[in-house]
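Asker: Attaching a single structure in structure tokens format; questions to follow.
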There are 2 protein chains.
Amino acid sequence: MTAPITAAILVIGDEILSGRTKDRNIGTIADYCTAVGIDLREVRIVPDEQDRIVAAVNALRTGHTYLFTTGGIGPTHDDITADSVAAAFGVSIDVDPRAKAMLLERHKPEDLNEARLRMARIPAGADLIANPVSKAPGFRLGNVFVMAGVPTIMQAMLDAIGPTLETGVRVVSHTIEAGNLPEGTYAGDLSELAKTHPGVSIGSYPSMTQTGFANRIVVRGKDAQALDAARVDVEALVRRLRDGATA
Amino acid sequence: MTAPITAAILVIGDEILSGRTKDRNIGTIADYCTAVGIDLREVRIVPDEQDRIVAAVNALRTGHTYLFTTGGIGPTHDDITADSVAAAFGVSIDVDPRAKAMLLERHKPEDLNEARLRMARIPAGADLIANPVSKAPGFRLGNVFVMAGVPTIMQAMLDAIGPTLETGVRVVSHTIEAGNLPEGTYAGDLSELAKTHPGVSIGSYPSMTQTGFANRIVVRGKDAQALDAARVDVEALVRRLRDGATA
């Protein structure tokens with residue numbers, strides 16, 4: 001059995017912590033990871049402060065195969081992600097000729113002012129991540145992928161790096177609708193059932209609708225046969241309790 | 001000047017990391033903190049694993065006035081937040097008579113099975129947080145508030161604890177619409193301007209629309225007079241560059 005491919009996400013930005021901007025990138029990256037068999041293990045959101053970014057980058061880039069960051073790579077003074085990542089790795093940072101060339105695809109040379117050139121500041125040793133939307137690139141340094149915060153640009157960068165990522169065995173999931181069958185009614189049996197399917201992760205997810213709870217049981221795993229066996233057992237459990245409930 | 005009131009959020013749940021569920025609680029709590037002058041400093045999302053929850057609770061409950069957790073307090077075997085928080089504090093946990101009484105408001109005694117009683121397991125020394133939606137309470141232990149993951153229940157619990165929280169000087173923000181004025185056009189001047197308004201936080205937030213960038217500059221601060229001065233300067237900058245751009 002090969003080691004699992006794991007990942008963490010670091011979202012960088014005061015605007016997320018203030019609530020002004022509602023993050024959408026975490027869900028996008030989480031869906032992507034699940035689709036290609038990468039196990040997302042942790043997410044952190046930190047403010048635009050270099051010491052906080054450096055600490056989080058160094059905490060998350062060790063212990064995970066990949067770290068994806070979003071936010072803070074624009075041209076304004078509050079965009080300090082590239083400098084912070086360079087500091088985390090202890091490498092220098094300067095205007096990168098390849099990145100500058102990308103910016104010149106969008107901007108006339110006379111418009112490439114000091115602020116815009118900030119977007120070409122790339123830590124030494126990094127590979128660039130193309131940005132088909134607005135040209136200013138992201139970059140990869142070691143196992144850290146630095147991407148934009150604007151969701152459309154982040155998505156384009158994720159599409160660009162996707163083929164370069166090592167992927168794992170995909171986790172497949174089945175959802176069994178328990179409807180308004182209360183969690184408390186099936187929790188005991190489900191717990192026992194989970195013990196008999198050790199290779200499968202079984203979770204119960206309540207949600208509220210206008211008419212009450214709408215509960216779902218999700219079985220997740222990498223082994224199709226083990227997963228099917230768990231699904232069949234959960235379906236039988238729900239059916240039995242439903243019939244009992246209406247009896 | 002009094003010390004700022006700060007907070008962190010810990011979201012607990014495999015379903016968020018797998019992408020199956022898109023978190024909505026972070027944004028809700030962030031908005032709440034901003035509205036009452038609490039400075040949200042960090043967010044983490046971790047899986048349903050006790051050692052990971054314990055480590056995150058202990059990392060985040062120190063250094064912040066408050067820690068808010070969401071998720072993992074239901075009746076099923078994957079709901080391990082209460083036990084994990086007890087372990088983080090090194091206190092015992094058992095069925096709490098007050099919590100059991102709350103559950104009995106919803107469930108008949110004969111329906112209060114072992115699984116449902118899990119929801120009455122509360123760490124020693126904790127105060128309960130009422131749950132008007134489905135009765136199973138959250139709790140407060142020290143500076144840690146443990147709340148449900150279902151957004152409607154989390155919101156109700158947040159409403160319940162709100163009056164008990166120490167609040168700070170509210171951060172007020174003004175948004176200046178820069179429209180399609182490129183960030184790179186104003187970034188240099190904005191950076192200089194920011195230096196002349198040290199008590200005010202000035203951020204630039206690009207977003208994409210069908211027709212291109214729609215940029216916003218946000219000035220944030222606790223001192224109304226300083227904030228107004230910064231707003232006036234940013235508005236003048238945008239006006240000057242717009243006039244220049246159309247000249």
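Asker: So which residues in the range A:63-90 are surrounded by fewer than 24 Cβ atoms within 10 Å (Cβ to Cβ) and within 16 Å of the chain's Cα centre (by Cα), if there are any at all?
Answerer: A:GLY63, A:HIS64, A:THR65, A:TYR66
Asker: What about B:LEU190, is it closer than 18 Å to A:ALA115 by Cα, at pLDDT 95 or above and facing chain A (nearest Cβ under 9 Å)?
Answerer: It is true that B:LEU190 is closer than 18 Å to A:ALA115 by Cα, at pLDDT 95 or above and facing chain A (nearest Cβ under 9 Å).
Asker: To continue, here is another question. Would a scan of the range A:198-209 turn up a residue that is more than 22 Å from B:PRO47 (Cβ to Cβ) and touching a residue at least 12 places away in the same chain (Cβ under 8 Å)? Spell out the reasoning first.
Answerer: Start the filter on the range A:198-209 by keeping residues that are more than 22 Å from B:PRO47 (Cβ to Cβ), which leaves A:208-209.
With touching a residue at least 12 places away in the same chain (Cβ under 8 Å) added as a condition, the list becomes none.
Within the range A:198-209 (the criterion being more than 22 Å from B:PRO47 (Cβ to Cβ) and touching a residue at least 12 places away in the same chain (Cβ under 8 Å)), the answer is no, since none of the residues qualifies.
Asker: Give the residue that is nearest to B:ASP79 (Cα to Cα), with candidates limited to residues of the range A:193-236 that are within 11 Å of chain B (Cβ to nearest Cβ) and among the β-branched types (Val, Ile, Thr). Spell out how you get there, then give the answer.
Answerer: Keep residues of the range A:193-236 that are within 11 Å of chain B (Cβ to nearest Cβ), which gives A:193-195, A:201-210, A:212-218, A:220.
Next cut, among the β-branched types (Val, Ile, Thr) only: A:202, A:209, A:217-218.
Values: A:ILE202: 11, A:THR209: 21, A:ILE217: 13, A:VAL218: 14 Å.
It comes out as A:ILE202.
Asker: For the range A:171-185, which positions are in contact with a helix residue (DSSP H, G or I) (Cβ under 7 Å, 6 or more places away or on another chain) and not in a strand (DSSP E or B)?
Answerer: Taking the range A:171-185 and keeping what is in contact with a helix residue (DSSP H, G or I) (Cβ under 7 Å, 6 or more places away or on another chain), we get A:171-172, A:174, A:176, A:178, A:181, A:184-185.
Residues satisfying the conditions are A:VAL171, A:LEU181, A:GLY184, A:THR185.
Asker: Specify which of the listed residues (A:GLY179, A:GLY184, A:GLY244, A:GLY203) is in contact with a His (Cβ under 8 Å, 6 or more places away or on another chain) and at pLDDT below 95.
Answerer: Criteria check complete, one pass: A:GLY184.
Asker: Then there's this: For the range B:162-182, which residues satisfy the criterion of being surrounded by fewer than 18 Cβ atoms within 10 Å (Cβ to Cβ) and among the β-branched types (Val, Ile, Thr)?
Answerer: Across the range B:162-182, the qualifying residues are B:THR164, B:THR167, B:VAL169, B:VAL172, B:THR175.
Asker: Then there's this: All but one of (1) without any contact (Cβ under 8 Å) to a residue 24 or more places away in the chain; (2) surrounded by 18 or more Cβ atoms within 10 Å (Cβ to Cβ); (3) under 23 Å from the mean Cα position of the chain (by Cα) hold for B:ALA187; state the number of the condition that does not hold.
Answerer: Of the numbered conditions (1) without any contact (Cβ under 8 Å) to a residue 24 or more places away in the chain; (2) surrounded by 18 or more Cβ atoms within 10 Å (Cβ to Cβ); (3) under 23 Å from the mean Cα position of the chain (by Cα), the odd one out for B:ALA187 is (3).
Asker: Follow-up. Which condition number in (1) under 20 Å from B:LYS22 (Cα atoms); (2) in the same structural domain as A:ASP83 (by TED's automatic domain parsing); (3) surrounded by fewer than 19 Cβ atoms within 10 Å (Cβ to Cβ) is the one that A:VAL150 fails?
Answerer: With respect to (1) under 20 Å from B:LYS22 (Cα atoms); (2) in the same structural domain as A:ASP83 (by TED's automatic domain parsing); (3) surrounded by fewer than 19 Cβ atoms within 10 Å (Cβ to Cβ), A:VAL150 is out only on (3).
Asker: Does A:ALA35 meet the test of being closer than 19 Å to B:HIS64 by Cα, surrounded by fewer than 19 Cβ atoms within 10 Å (Cβ to Cβ) and among the hydrophobic types (A, V, I, L, M, F, W, C)?
Answerer: Working: closer than 19 Å to B:HIS64 by Cα: no; surrounded by fewer than 19 Cβ atoms within 10 Å (Cβ to Cβ): yes; among the hydrophobic types (A, V, I, L, M, F, W, C): yes.
Against the criterion (closer than 19 Å to B:HIS64 by Cα, surrounded by fewer than 19 Cβ atoms within 10 Å (Cβ to Cβ) and among the hydrophobic types (A, V, I, L, M, F, W, C)), A:ALA35 does not qualify.
Asker: Which numbered condition in (1) assigned to a helix (DSSP H, G or I); (2) modelled with pLDDT of 95 or more; (3) in contact with a helix residue (DSSP H, G or I) (Cβ under 6 Å, 6 or more places away or on another chain) is the only one that B:PHE145 fails?
Answerer: Unmet condition: (1).
Asker: Does B:ARG239 satisfy the condition of being of a type in the set (Lys, Arg) and within 12 Å of another protein chain (Cβ to nearest Cβ)? Reasoning before the result, please.
Answerer: Values: of a type in the set (Lys, Arg): yes; within 12 Å of another protein chain (Cβ to nearest Cβ): no.
No: the conditions fail for B:ARG239.
Asker: Counting only residues that are under 30 Å from A:ASP223 (Cα atoms) and facing chain B (nearest Cβ under 10 Å), give me the helices (runs of 4 or more DSSP H) lying completely in the range A:1-117 with at least 3 of them. Spell out the reasoning first.
Answerer: On the way: elements: A:14-17, A:25-36, A:50-61, A:81-89, A:97-104.
Once the helices (runs of 4 or more DSSP H) in the range A:1-117 are filtered for at least 3 residues that are under 30 Å from A:ASP223 (Cα atoms) and facing chain B (nearest Cβ under 10 Å), what remains is A:25-36.
Asker: Please work out which one of (1) surrounded by 17 or more Cβ atoms within 10 Å (Cβ to Cβ); (2) more than 19 Å from B:LEU17 (Cβ to Cβ); (3) in the same structural domain as A:THR21 (by TED's automatic domain parsing) is the condition A:PHE145 fails and give its number.
Answerer: Condition not satisfied by A:PHE145: (2).
Asker: Filter the range A:203-226 down to the residues that are within 24 Å of the chain's Cα centre (by Cα) and under 16 Å from A:LEU193 (Cα atoms), then identify the one that is surrounded by the fewest Cβ atoms within 10 Å (Cβ to Cβ).
Answerer: A:ARG216
The values are calculated or read from the model by the stated rules, or taken from the named source; none is laboratory data. Keep in mind the model is a prediction, meaning the values are calculated, not measured. Don't worry about glycine lacking a Cβ; one is built from the backbone with ideal geometry, like all the others, and counts go over all protein chains shown.
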